[in-house]
Amino acid sequence: MCGRYNISDDPFTQALLDEFGIDRHLETRYNIAPTEQVPVIRRGDHGYELREMRWWLIPSWVKEPGTRYSMFNARAETVNESPAFRAPFRHQRCILPASSFIEWHTEDGKKQPWLIRPTDRAIAFAGLWDHWGHGEGSILSCCIVTCDAVPGFRRIHNRMPVMLEADQLQRWLSPDTDTESLMPYLQPQLPGDFELWPIDEHINNARHKETPVMTGDKILLRAD
DNA sequence: CCAGACGTTGTT
DNA sequence: GTCTGG
DNA sequence: CCAGACGTTGTT
DNA sequence: GTCTGG
């Protein structure tokens, strides 16, 4: 799953934007939570574009936008059938740039937050977007696709966000791609090496936007 | 036919 | 327990 | 995702 | 919008 993440305005993030010819930089933000506005890359009529979207998918057909249902993640296993995600999965895929994300490890009723980050690159979350309403008050929204955790992650959590490999980005974003050819992207995969750090529970509160504080030793995960 | 749902995670 | 807000 | 509220009346 | 349940 993925219910909190961070963005750093660093060279890795910049390199990811460069992949799409987007000549902008992202503001550093910590502890981004569902329902917040987040930067999203999608392919528009005039090439790749960076847009702010609400991180909580609002299907175009709902009467009123809200948070009645959990729409900030979409299960990879059902993204093809779900009424809320099927259409976006076919033609409205996007990428949420990130530098790290947070997962909670629950044991004996206690929750320990962990910060998870690649050692040498930015993260490209596989996302879906939709458009609700017309004109004034219309809303762009998005969600992050999730899948089973790779073995190395399972000590922390059984689900994880889908993180695309560098050679999958363009195809994921093309509205014309046949979804059948995207299914391999949704299998658990680790794009590169990752570090897992236990962090202070201060992060639990989504109002706290300070840098996460490491509280222990890291675990290193190799891509292979 | 109309009405109502449409979601994820984790825990028991 | 369940819903809302961040 | 987690944290925090969850209510009414009347007064400032 | 589309599917399921009654």
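The values are calculated or read from the model by the stated rules, or taken from the named source; none is laboratory data. It should be emphasised that the depicted structure is a prediction, and the values quoted were computed from it without experimental measurement. Cβ: placed from backbone, ideal geometry, glycine included. Neighbour counts: every protein chain shown.
Here are the numbers:
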{"read-out": "Search result, residues across segment A:198-208 that are within 15 Å of DNA strand C (Cβ to nearest atom) and surrounded by fewer than 19 Cβ atoms within 10 Å (Cβ to Cβ)", "value": "A:Glu201, A:His202, A:Asn204, A:Asn205, A:Ala206, A:Arg207, A:His208"}
{"read-out": "Residue identified as within 16 Å of DNA strand E (Cβ to nearest atom), within 23 Å of A:Glu81 (Cβ to Cβ) and within 20 Å of the chain's Cα centre (by Cα) among A:Cys147, A:Cys143", "value": "A:Cys143"}
{"read-out": "Matching option when the condition is among the basic types (Lys, Arg) and within 16 Å of DNA strand D (Cβ to nearest atom), among A:Arg4, A:Arg24, A:Arg43", "value": "A:Arg4"}
{"read-out": "Scope segment A:71-93; condition β-branched (Val, Ile, Thr) and closer than 26 Å to A:Glu49 by Cβ; matching residues", "value": "A:Val79"}
{"read-out": "Complete set of residues in segment A:60-78 that are charged (D, E, K, R), within 13 Å of DNA strand D (Cβ to nearest atom) and in contact (Cβ under 8 Å) with a residue 12 or more places away in the chain", "value": "A:Arg75"}
{"read-out": "Any hit, segment A:64-78, residues being under 14 Å from A:Asp130 (Cα atoms), within 16 Å of DNA strand E (Cβ to nearest atom) and aromatic (Phe, Trp, Tyr)", "value": "no"}
{"read-out": "Among (1) touching a Lys or Arg at 6+ places or on another chain (Cβ under 9 Å); (2) without any contact (Cβ under 8 Å) to a residue 40 or more places away in the chain - the single one A:Gly135 does not satisfy", "value": "(1)"}
{"read-out": "Pairs, first over 16 Å from A:His131 (Cβ atoms) and free of Cβ contacts under 8 Å to residues at least 24 places away in the same chain in segment A:80-96, second of a type in the set (Ser, Thr, Tyr) and within 16 Å of DNA strand D (Cβ to nearest atom), C-beta under 6 Å, six or more apart", "value": "none"}
{"read-out": "From A:Pro188, A:Pro198, A:Pro212, residue being of a type outside the set (A, V, I, L, M, F, W, C) and touching a Cys at 6+ places or on another chain (Cβ under 6 Å)", "value": "A:Pro188"}
{"read-out": "All positions within segment A:26-73 that are among the aliphatic types (A, V, I, L, M) and either within 16 Å of DNA strand C (Cβ to nearest atom) or modelled with pLDDT under 95 (or both)", "value": "A:Ile32, A:Ala33, A:Val38, A:Met53, A:Leu57, A:Ile58, A:Val62, A:Met71"}
{"read-out": "Residue match in segment A:214-222 (condition: assigned to a loop (DSSP other than H, G, I, E, B), under 15 Å from A:Asn6 (Cα atoms) and in contact with a Phe, Trp or Tyr (Cβ under 9 Å, 6 or more places away or on another chain))", "value": "no"}
{"read-out": "Unmet requirement for A:Cys2, which otherwise passes all of (1) hydrophobic (A, V, I, L, M, F, W, C); (2) within 16 Å of DNA strand B (Cβ to nearest atom); (3) surrounded by fewer than 15 Cβ atoms within 10 Å (Cβ to Cβ)", "value": "(3)"}
